[in-house]
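Contents: one structure, followed by commentary.
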Amino acid sequence: MAQPVVAVMSASINAIFIDQRAALVDRVFLMVGCRQTAEDLVQECYLRTVDAAHRAPISHVRAFLYQTARNLALDHLRRERRRRTVEHRDGEGALIEQIADTSASSEQQLIDIQRMRALEAALEGLPLRAQQAVILNRLQGWSYPRIAEHLGVSPNTVYNDIRAAMSQCMKALNRLESP
């Protein structure tokens, strides 16, 4: 019994679509500004309407067609706006070339390696307690009182050890930078 209803609905959709097709294309064309795109969207509208009719009866086919066409046109405009903001256009090539490269150059990488080695050497020349204090503070994020408790010394001793270590590190970096 459901099959004749679908057939009647499809015939009704076909008749209304054929009658309204030119008006639908004109309406969509006014929204999107391209006749070919309007034709494509109206064809998609027809297919979606037929698909919807197979799932449930459509009581106002003409209104459904116009609303579906409008929604498809709006979706198309949103996609186009998004695409234009992302895509590279011929006239905007210079803009893309202005984007900074955040990766370090080979020269900068070598400089960074030299600096790291100088810092490691400076830290290795410190007493073990000072090395531990720097590692716990700078790398682990421990506070001076927590380090003091862990090492069994006063917070003032931790402060002095870290200050001495930082002084050694600064001297090592200055030696690298001065000829």
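The values are calculated or read from the model by the stated rules, or taken from the named source; none is laboratory data. Predicted, not measured: the structure shown is a model, and the values here were computed from it. Backbone-built Cβ (ideal geometry, glycine too); neighbour counts: all protein chains shown. Quick note on the areas: whole protein, heavy atoms, side chains included, nothing else; ligands and nucleic acids left out. Shrake-Rupley method; radii C 1.70, N 1.55, O 1.52, S 1.80 Å.
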Legend entry - Ratio of the Cα radius of gyration of the chain to 2.2 N^0.38 Å, where N counts its residues: 2.29
Legend entry - the chain - mean residue ellipticity at 222 nm from DSSP helices (-39,500 (n - 2.57) per run, n ≥ 4, rounded to 500): -26500 deg cm²/dmol
Legend entry - Computed label-point distance, nm, for sites Ser106 and Ala22 using a 7 Å Cα→Cβ extension: 6.9
Inset, instruction - Express in whole angstrom the spacing between the alpha-carbon centres of segment 146-160 and segment 19-88. - result: 73
Inset, instruction - Taking the chain as the reference, fit the longest principal axis to its C-alpha atoms, fit the long axis of helix 106-124 to the helix C-alpha atoms, and give the angle between the two in degrees, 0 to 90, nearest 10. - result: 40
Inset, instruction - Round to the nearest 10 and report in Å² the accessible area of Asp51, as given by a 1.4 Å probe over the protein chains' heavy atoms. - result: 80
Legend entry - Contour excess over end-to-end distance, with Cα ends at Glu120 and Glu44 and 0.36 nm allotted per residue: 20.7 nm
Inset, instruction - Give me the number: length gained by fully extending Ala63 to Leu151, i.e. 0.36 nm times residue separation minus the C-alpha to C-alpha distance, one decimal in nm. - result: 23.7 nm
